[in-house]
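Below is one structure; the comments refer to it alone.
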Amino acid sequence: MSVNIPRGTQDILPGTVEKWQHLERIATDICRNYQYKEIRTPIFEHTELFQRGVGDTTDIVQKEMYTFTDRGGRSLTLRPEGTAAVVRSFVENKMFGDPNQPVKLYYKGPMFRYERPQSGRYRQFVQFGVEAIGSEDPAIDAEVIALVMDIYRTAGLRKIQLVVNSLGDTESRVAHREALIQHFQPRIGEFCEDCQSRLEKNPMRILDCKKDRDHELMKSAPSILDYLNEYSRTYFEKVQQYLSALDIEFVVDPTLVRGLDYYNHTAFEIMSQAEGFGAITTLCGGGRYNGLVSQMGGPDVPGIGFAFSMERFLAAMEAESIEWEETNRLDCYIASLGDEARDYTVKLVHDLRKAGMKAERDYQNRKMKAQFKAADRLQAKFVAILGEDELKENKITLKDMETGEQQEVMLEHFVDTLQKKMEEK
Ligand code: ATP
Ligand code: MG
């Protein structure tokens, strides 16, 4: 019997994994420049964390969690997203007491959601996310957006669009909420069951419904932007002003919502506009969550963050046909002839690696011709050839595979000579 990979998951094989590493390196380097530090939290948490931290009315909590009971009878859940755990850790480790505020964190790792798998939607996917906790300065909203745009731009993405909105503060939200209820109530029967139950609990989430998105009442729904109070309006204007100062283009979309009660002010998404990207165009989602930390038992400190999945990042790169730089080319392949020479290359290949070079030798006892073929497959820049005669004379032949140039080098100078040649390349 053979066992297959579970639905909605994927193996990331050599050849593709280098692309992941490349994008992860860009993201972590940029985080370092912006002074965000990495945090690693567990893959599973108490189920209650997500019920409270993500919210009972969300699709994630209602339909998508991998929840199980462990042998001790605890209800645990494989994390479906990163923010709840980061905020838990912020509170648990009293990071609010750190003299450096806001606390700026990033994370990356697998998330789990029981969804219908399709292109860009997996049951296990890798999210990269950032949280800045402890500041309610619109400049930090702009910084967080600038950071993720910087990651995408540095990777080479051009066909992306930033969409921003404001959800206002609690006062604005309450006024908007009333208007939404009045708008939808008379005809709520025409909406899906989820929307019906959202009407009282969290009517803003109706705007986010995937089933009823084409209903005529959606387009005419009251816009949050008409309900922003003075503070919220000024805050949103400041964020836009800062984005413009950073030369970051954006469009305002008043229908962009993030449905939780403690989400407020800035909400944003980044979409791919590349042809052939597929039906799901959102690359990244983020927003401000000023009530979340206190909801999780901490002091009343504000926060903002975003998350994107590596899978959709990669898909956007492919859709824009961006060239990947070749990082895995071999510096030197050591070919050998005869038992003694073969033995000798065990140490030789090791010396090259210790000197920081990408080196390989033959482990299949192949003929010289097959060894050269292997060197070609690995795109070796140099091939070093060690035969019985050379070994007797303490020499090795070094061939530059790009120019075809060939020279004999004393074995004791081999590593140094090659290193110099590599530097000249
Ligand atoms: P969607 O509307 O696509 O379901 P979401 O609102 O559930 O997205 P968030 O919870 O905001 O998404 O997650 C942030 C980002 O994580 C998304 O913008 C997307 O890039 C990515 N993401 C979410 N779910 C998946 C998934 N199942 N597979 C791959 N990436 C995902
Ligand atoms: Mg989703």
Measure nothing but the geometry: give the 0 to 90° angle between the long axis through the Cα atoms of 414-424 and the longest principal axis through the Cα atoms of the chain, rounded to 10°. 50 degrees
Give me the Debye-computed log₁₀ of I(q)/I(0) at q = 0.10, 0.20 Å⁻¹ for region 332-424, equal point scatterers on Cα only, no solvent, two decimals. -0.21, -0.93
Taking region 257-327, which chymotrypsin sites (Phe, Trp or Tyr not before Pro) meet the DSSP loop condition and have no more than 16 other C-beta atoms within 10 Å? TRP324
Sorted by average packing, counted as other Cβ atoms within 10 angstrom per residue and highest first, what order do 54-60, 250-256 take? 54-60, 250-256
Pick out which of ARG32, ARG205, ARG71 has the largest mean-square fluctuation in a Gaussian network model of the chain, springs linking Cα atoms closer than 10 Å. ARG71
Run the dipole for region 61-201 about the Cα centre, Lys and Arg Cβ at +1, Asp and Glu Cβ at -1, nothing else charged, and hand back the magnitude in debye, nearest 20. 760 debye
I'd like the Karplus ³J(HN,Hα) series for region 169-183: coefficients 6.51, -1.76, 1.60, θ = phi - 60°, whole numbers in Hz, and an x wherever there's a Gly or Pro. 9, 4, 4, 5, 5, 5, 4, 5, 4, 4, 4, 5, 4, 4, 5
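Hey, got a sec? Which chymotrypsin sites (Phe, Trp or Tyr not before Pro) in region 354-425 land in a DSSP loop and have at most 15 other Cβ atoms within 10 Å?
Working: sites: TYR363, PHE372, PHE382, PHE414; in loops: TYR363.
Sites meeting the loop and neighbour criteria: TYR363.
Of the accessible area of the chain, with the probe set at 1.4 angstrom, what percent is carbon plus sulfur?
Carbon with sulfur: 46 percent of the solvent-accessible area.
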Helix 83-92: inclination vs the chain longest Cα principal axis, degrees, rounded to 10, gives 90 degrees
Scan the chain and report its longest stretch carrying no GluC sites (Glu not before Pro) that are both in a DSSP loop and have at most 12 other Cβ atoms within 10 Å. 1-248
Under 12 Å from the Cβ of ILE280, count the other residues' Cβ atoms, weight Lys and Arg +1, Asp and Glu -1, and hand me the total. +1
Taking the full set of protein chains and a 1.4 angstrom probe, give the accessible area of LYS373 in square angstrom, rounded to the nearest 10. 120 Å²
What is the pair-distance distribution P(r) of the chain, computed from all Cα-Cα distances in 20 Å bins starting at 0, with each bin given as a whole percent? 22, 44, 23, 11, 1
Dipole magnitude of the chain about its Cα centre, charges +1 at Lys/Arg Cβ and -1 at Asp/Glu Cβ only, in debye to the nearest 20? 960 debye
Taking Cα atoms only, helix 339-354 is inclined relative to the longest principal axis of the chain by an angle, in degrees rounded to 10, of 40 degrees
Give me the 1.4 Å probe accessible area per residue for region 332-424, excluding ligands and nucleic acids, in Å². 60 Å²
Counting other Cβ atoms within 10 Å, keep those with at most 16, restrict to DSSP loop, and tell me which chymotrypsin sites (Phe, Trp or Tyr not before Pro) in region 110-188 are left. TYR114
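The values are calculated or read from the model by the stated rules, or taken from the named source; none is laboratory data. These numbers come from a predicted model, not from an experiment. Note: ideal-geometry Cβ built from the backbone for every residue, glycine included; neighbour counts use all protein chains shown. Remember, those area values only see protein heavy atoms, side chains included, never the ligands or the DNA or RNA. Shrake-Rupley method; radii C 1.70, N 1.55, O 1.52, S 1.80 Å.
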